[in-house]
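In what follows, a single structure is set out as structure tokens and then discussed.
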Amino acid sequence: MEKKQKLKKRPSPTKRETLHPFSLYHSPQAPSFQEGLTSVIQLLKGKKNIIVLTGAGISVSCGIPDFRSKGTGLYATLDAQHLGLSCPEELFDYEVFTDNPRPFYRFAKHLYFPLGQKERARPSDAHKLLALLEEQKMLLRVYSQNIDGLEQEAGVSAKRVVYAHGSLQWATCIKCKHKVNSKEIEEHVFNGSIPRCREPNKPMKQLPKPLLSPTKPARSGSARIQKRQREELDNHDSTANEEVCGGVLKPGVTFFGEALHDNVRRTLEADRNKVDAVIVIGTSLSVAPMSKVISYLPPDIPRILINRTIVHPGEQQDEHDEDDAKDFRVNYVFDAYLLGFCDDIARILAKQMFSPEPELYKNGKLLAALGDDDEHYDLRDWRSNKVPKERIFLFPGAQPPSNDDESVLTYREVAQCDGCSVRIEGTIHKCVNCFDYDLCAICFPTLSKMHGDGIHHFVQEIAILECDTQQGNKR
């Protein structure tokens, strides 16, 4: 067996060294939008290993709704009862899918063809900025929380993209694990039928241990519809062609109840030692474990947010690792908050960074320089803001914090044990030295001594309850 190579630790400041905030102005008493934006560009220029985290906001302009926006998000507009589901979140529930995939495939064409007919979405200008960063040899990795695959459509090479929640670009048989390109299931998706594996029959691979308890009671809601659909599936399976597998093809998306692919953790742990800047685009960073990426990366690198609203990702500082530099930021997470429509800001950054003669951008405002009589923004809307005003840049589409500011929420995690693969109930034992390594109470006493040569530290976190899955999950 090949011995696992131990990653070299990123050099960090000694105890006598002090990290200082990334200054954006020569004179903090007289900040200006243009000087601050120029400083933001300078923070990124010359970087060779930028990590970009993307969320649903980068694809909204492509015609793809996000999941949680009030009134317009996928969960707000989906008719769960019509599909035979008890709640919208069950559309991406692993247990529900394996029990009855029909509701998912009745809705699937809206995910694969969001523009109607058989028309797929096209990349936005924000997606194209990612390809431009790679072209300029500045991109280390894109960690996408989206499943649309538009990063690669925009020109980002496959080796530079990690799909944290999987992708619709492929599908896998839940029976024999055969993987196919999404083009092979397009007709089924468009017609709302269930695609099945056509791979010749062979000895079945050993199935993984169940992610959820087999004694879990049946779900409520639309039980009659679910029973009828299951009977139809049973009839299909009993008459299936014995020469081919016939198993249901599941999209390559990480459903609720499934652990993130191990590639996410392994790649991020390696990239941690190389990254020299991080850009977050179009995400609230409210869903664990991706909400913890910012605090997992070294604090001594520039952090830039491109989003319509301010976000506050959860903190996970490793108090046991004395070699790591502590974050110097107080009351803020990002060194610059570029608030507005993602595409507009992406175009501005591209021109400022790569144009031989960049033009001055005159339509932006700095929150710190905003007057009481500004015609576009009302200072009273920003009274609840705690981020330093000189770090907030306002572009068209910027939104102030709401009264029930959802940006401060970090959803608790639905975690699977990395030892036994079972969903953790009760206490989660989380390794603070690794990204997203969790153990249940049964596996912890033994595996914690073996993991990381026995020197890694663990903290405890209460697992989310089943009834809370609408408020916290891995999407």
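The values are calculated or read from the model by the stated rules, or taken from the named source; none is laboratory data. What you see is a predicted model; the values in this text were computed from it and never measured. A quick note on method: Cβ atoms are made from the backbone with ideal geometry, for glycine too, and the neighbour counts reach across all protein chains shown. We work out accessible area using only protein heavy atoms, side chains counted, and drop any ligands, DNA or RNA first. Shrake-Rupley method; radii C 1.70, N 1.55, O 1.52, S 1.80 Å.
General remarks:
Residues are listed down the side, and each one gets a yes or a no for (1) among the basic types (Lys, Arg); (2) within 21 Å of the chain's Cα centre (by Cα); (3) in a loop (DSSP other than H, G, I, E, B); (4) at pLDDT below 90:
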| site | (1), (2), (3), (4) |
| --- | --- |
| 429 | no, no, no, no |
| 434 | no, yes, yes, yes |
| 442 | no, no, yes, no |
| 447 | no, no, no, no |
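- Single residue of region 262-305 satisfying the filter (touching a Ser or Thr at 6+ places or on another chain (Cβ under 7 Å) and β-branched (Val, Ile, Thr)) that is nearest to residue 139 (Cα to Cα): 281
- Per-region count, region 280-307, residues over 13 Å from the mean Cα position of the chain (by Cα) and under 24 Å from residue 61 (Cβ atoms): 5
- For residue 30, the requirement of being modelled with pLDDT under 90 and either of a type outside the set (Ser, Thr, Tyr) or within 15 Å of residue 303 (Cα to Cα) (or both) is met.
- Any hit, region 83-97, residues being more than 30 Å from residue 199 (Cβ to Cβ) and touching a Ser or Thr at 6+ places or on another chain (Cβ under 8 Å): yes
- Answer residue from region 59-78, given it is assigned to a helix (DSSP H, G or I) and among the aliphatic types (A, V, I, L, M) and is farthest from the chain's Cα centre (by Cα) among those: 76
- Failed condition for residue 170, given (1) open to solvent by less than 40 Å² (accessible area, probe 1.4 Å); (2) within 26 Å of residue 199 (Cα to Cα); (3) part of a strand (DSSP E or B): (1)
- The set of residues in region 420-446 being open to solvent by 40 Å² or more (accessible area, probe 1.4 Å) and either touching a helix residue (DSSP H, G or I) at 6+ places or on another chain (Cβ under 7 Å) or under 17 Å from residue 262 (Cα atoms) (or both) consists of 421, 422.
- Neighbours by Cβ (under 9 Å, 6+ apart or cross-chain): first from region 355-382, more than 14 Å from residue 395 (Cβ to Cβ) and assigned to a helix (DSSP H, G or I); second of a type outside the set (D, E, K, R) and open to solvent by 50 Å² or more (accessible area, probe 1.4 Å): 369/30; 381/399
- Region 36-59, subset charged (D, E, K, R) and at pLDDT 95 or above, residue least open to solvent (accessible area, probe 1.4 Å): 47
- If you go through region 327-371 and pick out every residue that is modelled with pLDDT under 85 and open to solvent by 100 Å² or more (accessible area, probe 1.4 Å), you end up with 5.
- Count of residues meeting criterion [small (Gly, Ala, Ser), surrounded by fewer than 19 Cβ atoms within 10 Å (Cβ to Cβ) and in a helix (DSSP H, G or I)] in region 79-137: 1
- Residue check, residue 40 closer than 21 Å to residue 341 by Cα and within 17 Å of the chain's Cα centre (by Cα): no
- Scan of region 138-161 for residues that are open to solvent by 20 Å² or more (accessible area, probe 1.4 Å) and part of a helix (DSSP H, G or I), ordered by number: 152, 153, 158, 159, 160
- Within region 4-26, restricting attention to residues that are at pLDDT 75 or above and open to solvent by less than 50 Å² (accessible area, probe 1.4 Å), the residue that is nearest to residue 450 (Cα to Cα) is 22.
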